[in-house]
1. Could you give the angle, 0 to 90 degrees to the nearest 10, between helix 4-19's Cα long axis and the longest principal axis of the Cα atoms of the chain?
2. Once you have the Cα-Cα distance between N147 and R120, take 0.36 nm times their residue separation minus that, and quote the gain in nm to one decimal.
3. If you take every DSSP beta bridge whose two residues both sit in region 59-157, what share of them, in percent to the nearest 5, is antiparallel?
4. Aspartates and glutamates near K71 by alpha-carbon distance under 13 Å, same-chain residues fewer than 8 away left out - which ones?
5. With the crude spin-label approximation of a point 7 Å out along Cα→Cβ, what separation in nm comes out for S78 versus I2?
6. Considering only DSSP beta bridges with both partners in the chain, what is the antiparallel share in %, to the nearest 5?
7. Along Cα→Cβ, 7 Å out, is where each label goes; now give me the distance between the ones at N128 and K26 in nm to one decimal.
8. Of A67, Y4, V175, which is farthest along the charge dipole of the chain in the positive direction, counting Lys and Arg as +1 and Asp and Glu as -1 at C-beta?
Amino acid sequence: MISYFEALLKIFNSLNKHILHLQGNKKKLINTLNDIAFEKIIAVHDLPLFKNSAMDGYCIHSKQTEAYSNKNFKITGSLNAGKNITYKKQDLNVVFEIMTGAKIPSGFDAVIKLEDVYIRQQYFITINKKVKKNENIRQSGEDFKKNNIILKKGDVLNPGTITCLSAFGITKINVIKDPSVFLLSTGNEIAS
């Protein structure tokens, strides 16, 4: 009969030999929490794809707030996530109400938070604060650039990595197939 520690050593040596021959198993991403990735995944595009608002507020031309004492701006429209507009008129005294995740229209370079403005009338706001260029804007590729490694083979899938993979539209992933384990309980009567 071998000792407990010798038995453990044999088991671990056997596992190390077989770990190179593990098989992948394609699973729905939603069912992979705490699984181990069997493949490397590379970003196929920038994430986010475009400049978008980091919070609810108003997109604005930052230069218009340099002399920021009680300046009034006309609200030209409202932008929700998924809505795309082309704003050709370059009137610097207008703003768009914008929701978190909405695309920043061309020509605008900052977002002022909803709580930092005073709504004067239905279509006008007053700003008492200087807004910096790119303030409250998430840049294209800020989270991931195209060809960045999102997931390495051998990484454990956690809620963060699952969310990230989902943001890229990935619905299935190869994970290490769960091993088949058997437990055989014996007593002294077998060892003789």
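Readers should treat all values here as calculations from the given coordinates under stated rules, not as data from a laboratory. Note that this is a predicted model, so its numbers are computed, not measured. Counting neighbours? That spans all protein chains shown, and the Cβs are built from the backbone with ideal geometry, glycine included.
1. 60 degrees
2. This chain segment gains 5.0 nm when fully extended.
3. 70 percent
4. Partners found: D116.
5. 7.1 nm
6. 85 percent
7. Rounded to a tenth, the inter-label distance reads 6.0 nm.
8. Positive-end residue among those listed: A67.
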